[in-house]
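K.L.:
The following block contains the structure, expressed as structure tokens.
The values are calculated or read from the model by the stated rules, or taken from the named source; none is laboratory data. Predicted model only: the values in this text are computed from it and were never measured. Don't worry about glycine lacking a Cβ; one is built from the backbone with ideal geometry, like all the others, and counts go over all protein chains shown.
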């Protein structure tokens, strides 16, 4: 049983950074890229010297020309990248589920990435590239719709043009038939190894491996499958899978995978998102020395897994032009904000200006919200509304956002005829709207809106910065935003929004863990 076959795993980035892919650079360092779904900027890129300690170097998708779509909902957009290096070029293949499969290239990931090279005639999601010793390139991915049986498919490809060169061939059907996806192909010695995820990305998630003497197979299944899984355990770390490897040909191989942190409720609840973990494994008889292996982690971090990193993102690029972030030298939302000591820029936080939009949190035009990922259960997020009178219609405030149907707000409504603001905490749960707490303040007051989290949920408060009085605005259980209830493939965004009319300014916007 996996419960008695458990090792510690190191989380290498906190907050939702799912579907990790890694590769080794010519300099001997490592790069990692993650899925970003509907969020922009997208495809965050990290670098490491040892595979265990990472830092962010940018976003592969930081221009709107890289992210075309006609319409997009939550958990759509950018799925499951694979990063590979060959002959002086980094290739990043990924699915835009609203458009198709595409390849971005870069000679130097620190300097940016190309516009998409679209892959015609390759359906399905989770595409990956493999370069054989003679330079032949292969693409593999999962089935493409109802006409193909579930499994992993392979073709030859020209990665410089996106042209698929050979007929799709089904090379693996998985071991259970449930959602085989996220394939990666490697070579070690005389064998080609195929690794893939299976069982769905929830509680039944696992990773399997097979090998063959040719890329097309036939593949021999590993007797120790699943390679890794935490299914049917009460471990803090759950839903592990979607692996990728570097140094595959060495005696010690670096492997990354994603998983979710869950509290000790029954049933256990998690809402932060799927996060990447890294381990090293060895080999035995030309197979990984892993079998039905489980991994675990502490519920909360200790500050060495990028918990204090703040990266401003928005759930829609349509709304990106409505924000400036940064204080005196304001910048459009387009990537990380400089930070010190885990704060936004400095101990005074940052200033965020929002041009309000006459809409709500629906994705028709993209919710007018900018925020940062929740990276630990324990945190505080606060923002000071500089002048509530700037809002001439609608509401503005702080949001704890899972998706357009599941989010929590501290909403400041436009002042009434008596010059009073209504500030209320509201839970939006699949169409059920619940006011949890409410107070009134003068429109002349300067208000700080505060959210504090722990492993049971969220506490809300509003503080009058002139009097120093802080008033509680209620508690909302985290399970409202949990994966089981809210669904989706992302995690929690903590940020500010403005719906209505006005030019809204928030000062001292800070996230601390």
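K.L.:
From the list 411, 402, pick out the single residue that is within 25 Å of the chain's Cα centre (by Cα), within 24 Å of residue 500 (Cβ to Cβ), in a strand (DSSP E or B) and at pLDDT 70 or above.
P.N.:
After ruling out the rest, the residue left standing is 402.
K.L.:
Follow-up. Being surrounded by 15 or more Cβ atoms within 10 Å (Cβ to Cβ) and either out of contact with any strand residue (DSSP E or B) (no Cβ under 9 Å at 6 or more places or on another chain) or free of Cβ contacts under 8 Å to residues at least 60 places away in the same chain (or both) is the filter; apply it to segment 102-111 and report the residue that is nearest to residue 18 (Cα to Cα).
P.N.:
Filtering segment 102-111 for residues that are surrounded by 15 or more Cβ atoms within 10 Å (Cβ to Cβ) and either out of contact with any strand residue (DSSP E or B) (no Cβ under 9 Å at 6 or more places or on another chain) or free of Cβ contacts under 8 Å to residues at least 60 places away in the same chain (or both), the one nearest to residue 18 (Cα to Cα) comes out as 103.
K.L.:
In addition: Between 230, 225, which is within 25 Å of residue 180 (Cβ to Cβ) and touching a helix residue (DSSP H, G or I) at 6+ places or on another chain (Cβ under 7 Å)?
P.N.:
Residue meeting the stated conditions: 230.
K.L.:
Which residues, taken from segment 38-50, are surrounded by fewer than 24 Cβ atoms within 10 Å (Cβ to Cβ) and over 13 Å from residue 109 (Cβ atoms)?
P.N.:
49, 50
K.L.:
I want to confirm something. Restricting to segment 367-386 and keeping residues that are over 30 Å from residue 11 (Cβ atoms) and modelled with pLDDT under 95, which single residue is surrounded by the fewest Cβ atoms within 10 Å (Cβ to Cβ)?
P.N.:
386
K.L.:
Any idea which residue in segment 260-282 is nearest to residue 34 (Cα to Cα), counting only those that are free of Cβ contacts under 8 Å to residues at least 60 places away in the same chain and assigned to a strand (DSSP E or B)?
P.N.:
281
K.L.:
Could you check segment 263-286 and list, in sequence order, the residues that are more than 24 Å from residue 493 (Cβ to Cβ) and surrounded by fewer than 17 Cβ atoms within 10 Å (Cβ to Cβ)?
P.N.:
Result: 264, 266, 267, 280, 282, 284, 285, 286.
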